[in-house]
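Enquirer: Please find one structure pasted underneath; my questions will follow.
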Amino acid sequence: MSTEPPPNGSGRPPDDDPFRKPPPASPGGGSPYDGPQPPGASPGQGPYDAPQNPYGATPPPGGGAPPPYGGDPYGGGGGHGAQDPPAGMPPLADSGKRVLARIIDLILVGIVVGLLSWAFGTSEYETDPDKIQYGRQFGQSLLAAVLYIGYDTVMMARTGQTLGKKLLKLRVANLDNGATPSVQSNLLRAVVLWIPAVFCCACIWTAICGGWSFFDKPYKQGLHDKAAKTVVVSTA
């Protein structure tokens, strides 16, 4: 069968000539040969176009690949297997400010724990060692764990901030996209921080878990951040 276009005067109207008709336009206005748009893509965006940066930043100049596939914006090695935060992420929070924000939260929640422990008679502080009631000790520890974990989970699931972090202009964000962590991520983060601190070794574990951010590179993560894949950034 010949693929040559029919000669003029063949009786076929020009508008019906399949060799002269342009390809139909796609509903989004793009080329009909573009693939399906990825979730969240803008109209006309092809499947191989780069998605919008969640931090609103443009790729770095010079033609290099933007994070998370390019270099580390915080000065890390960016070697194979390193997970770099996307370009445009706000500056990482100063570890000293993180400690100060945590102290503020400890004081605020500690006051509530103390008042409720006194109200329910679960205070574990006794002057006479012969009268220590271990059931009450466990009761106060359980109350403290519930309040600290609930406080961190609920507050940060909404805005990524506790009251202490709001005062110090800090925010918890997902490492991979900068979004506010989900309830599940915040719950995991709080459990890793507070369960050992409340039931085992309060001062030691809190110092290790939170103090890890002073030495961690390149993201300044505490151990609870690593468990939940979060970072703390500045909002100032």
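The values are calculated or read from the model by the stated rules, or taken from the named source; none is laboratory data. These figures come from a predicted structure and were not determined experimentally. In this analysis, Cβ positions are derived from the backbone assuming ideal geometry, glycine residues included, and neighbour counts consider all displayed protein chains. Ligands, DNA and RNA are stripped out before the accessible areas are found, and what is left, the full protein with its side chains, is counted by its heavy atoms. Shrake-Rupley method; radii C 1.70, N 1.55, O 1.52, S 1.80 Å.
Enquirer: Quick one: order 212, 205, 194, 118 from most to least accessible surface, probe 1.4 Å.
Expert: 118, 212, 205, 194
Enquirer: If you don't mind, there's one more thing I want to ask. Taking θ = phi - 60°, what integer Hz values does the Karplus form 6.51 cos²θ - 1.76 cosθ + 1.60 yield along the stretch 163-174, in sequence order, with x for Gly and Pro?
Expert: Rounded to whole hertz, the list is 4, x, 5, 4, 5, 8, 6, 10, 8, 8, 9, 5.
Enquirer: How many nm is it between the label spots at residue 115 and residue 179, if each spot is 7 Å from the Cα in line with the beta carbon?
Expert: Once both label points are built, they end up 3.6 nm from each other.
Enquirer: Please turn the phi angles of the stretch 222-231 into ³J(HN,Hα) values with the Karplus equation 6.51 cos²θ - 1.76 cosθ + 1.60 (θ = phi - 60°), one per residue in order, whole Hz, x for glycine and proline.
Expert: x, 4, 5, 5, 4, 5, 9, 6, 10, 9
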